[in-house]
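Engineer: Right, I'll just put the structure down here and ask away after.
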Amino acid sequence: MINTRQITRAMKMVSAARLRRTQDRALSARPYAEMLTNVLKSLVMRAEIYDPETGEPRHPLLARRPENTVLLIVVTGDKGLAGAFNTNILKAAMKFIASKSQSDGGKNIDIEAIGRKGRDFLRRRFPAAPVQQPPISETSDESHVDTAPASRAGAVQVVGEHIGVLGKLNFAQAKTLAEAVVRRYTSGEVDSVVLLYNEFKSVVAQRVVVDEVLPIVQIGASGVRQAEEMAKEEKVRMAEAAASAGVSVREADTHEIDARAAAFAAAPVDYIYEQSPEELFRDLVPRYVALRIFRALLESSAAEHAARMTAMDSATNNASDMIDALTLSMNRARQAKITKEIIEIVSGAAAL
């Protein structure tokens, strides 16, 4: 049990160190994210992103259409021992899928699973249907026949998986995923893209959110459709674990960074762009989508480390309590044995 306590304490400190490192990465990426957002806001005021005659957006990522197929990106961890981190995300995913399956005759939901825990659960819950090929006629020389996909109204399927992303997180991975998402939305394969992850602002300010990434309704605006806050008891446990590990529970002060970036969009200056504002807007919007996905991955990674730190702190405390209880029981048994032996000796001496 002492060895178990040493292991859980070491895992807690490792998670605390990784949490601080992930928080620093998220904070260092914020100036670029805020400046990109405000550059896009500035371009919106200077470029004609909507057709003046029809009012339709000229960029395909701004276009809204009837929601028949939803791409759901679920971000979970690859490992366990993180408390209810993965469970809460998967519960929210099932709740979202149920709401979409029951509305308007059922929506088609394609799932991109990020993380081994989410991949395993969703593949068990929604196994891929076997593809049935029609029999080949005797007069045909073809060895394979492609057929049009059957109607899949209300179907839920896992279309992609990404393992080990949160462990070695970098922007290139988010960019690759964003390019695939943008390509599917632009081609009309999906009608909306939703990101489900654990939003992280500080150790005690977290929530599981369902964030609509595409279509883009407003640059810089939150697209949160659904959010589930942490329970009060869980916040108290996380605050205690953070205090014992030396992790701050306060949100990072980003007012100066935000104000500096906001000044660019709000400045009454008519900037001269090397390319036209329309071209810049068209090229920067996909990068904006990649940045939102990258931020979600960073926050999910921080939330996972915070959850594991809290779980290992609870395990360490439980191990300490068990060690104390077993030590007390052992001392009582030893004392009872010694007392019995003394009584036997005294009784034997009295008999003589």
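The values are calculated or read from the model by the stated rules, or taken from the named source; none is laboratory data. On a predicted model such as this, the values are computed, not experimentally measured, just so you know. Counting neighbours? That spans all protein chains shown, and the Cβs are built from the backbone with ideal geometry, glycine included. Quick note on the areas: whole protein, heavy atoms, side chains included, nothing else; ligands and nucleic acids left out. Shrake-Rupley method; radii C 1.70, N 1.55, O 1.52, S 1.80 Å.
Engineer: Can you list residues whose amide H is under 5 Å from GLY223's amide H, if they're 5+ apart or on another chain and H is modeled 1.01 Å from N?
Structural biologist: For GLY223, the qualifying residues are GLU212.
Engineer: Let me know the shape class of the range 1-115, please: from the alpha-carbon gyration tensor, a ≥ b ≥ c as square roots of the eigenvalues, rounded when a/c is under 1.5, otherwise prolate if a/b is greater than b/c, or oblate.
Structural biologist: Values: a/c = 5.30, a/b = 1.56, b/c = 3.39.
Cα axes put the range 1-115 in the oblate bin.
Engineer: Something else about it: Of ALA296, THR316, THR327, which is farthest towards the positive pole of the range 287-329's charge dipole, taken about the Cα centre with +1 and -1 on the beta-carbons of Lys, Arg and Asp, Glu respectively?
Structural biologist: ALA296
Engineer: Rounded, prolate or oblate: pick one for the range 55-109, where a ≥ b ≥ c are the square roots of the eigenvalues of its C-alpha gyration tensor, a/c under 1.5 means rounded, and failing that, prolate if a/b is larger than b/c, else oblate. Intermediate values should be presented prior to the final figure.
Structural biologist: Details: a/c = 4.23, a/b = 1.84, b/c = 2.31.
In terms of gyration-tensor shape, oblate.
Engineer: Can you work out ³J(HN,Hα) from phi for every residue in the range 201-213, in order, using Karplus 6.51 cos²θ - 1.76 cosθ + 1.60 and θ = phi - 60°, giving whole Hz and x for Gly and Pro?
Structural biologist: Coupling constants for the range 201-213: 10, 7, 4, 9, 10, 9, 7, 8, 10, 10, 10, 7, 8 Hz.
Engineer: Using a Cα-Cα cut-off of under 26 Å, which lysines could be cross-linked to LYS95, ignoring same-chain neighbours fewer than 8 residues away?
Structural biologist: LYS79, LYS107, LYS117, LYS201, LYS232, LYS235
Engineer: Give me the accessible area per residue for the range 153-242, probe 1.4 Å, as a whole number in Å². List each step's numbers first, then the result.
Structural biologist: Working: 4000 Å² over 90 residues.
Heavy-atom accessible area per residue stands at 44 Å².
Engineer: Using the heavy atoms of the protein chains and a 1.4 angstrom probe, tell me the accessible area per residue for the range 35-80 in square angstrom.
Structural biologist: Working: 2230 Å² over 46 residues.
In whole numbers, the range 35-80 has 49 Å² accessible per residue.
Engineer: Next question, about the same structure. What length, rounded to one decimal in nm, is gained on full extension from GLU53 through to SER101, with 0.36 nm per residue of separation minus their alpha-carbon distance?
Structural biologist: Details: separation 48, 0.36 × 48 = 17.28 nm, distance 3.66 nm.
Fully extending the segment from GLU53 to SER101 adds 13.6 nm.
Engineer: Something else now. Filter the trypsin sites (Lys or Arg not before Pro) in the range 311-345 down to the DSSP loop ones having no more than 15 other Cβ atoms within 10 Å, then list what survives. Working shown, then result.
Structural biologist: Details: sites: ARG332, ARG334, LYS337, LYS340; in loops: none.
Of the trypsin sites (Lys or Arg not before Pro), not one in the loops of the range 311-345 has a Cβ with at most 15 other Cβ atoms within 10 Å.
Engineer: Ordered by residue, what ³J(HN,Hα) values in Hz, to whole numbers, does the range 323-335 give under the Karplus form 6.51 cos²θ - 1.76 cosθ + 1.60, where θ = phi - 60° and Gly and Pro are x?
Structural biologist: Using θ = phi - 60°, the values come out as 4, 5, 5, 5, 5, 4, 5, 5, 5, 5, 4, 5, 5 Hz.
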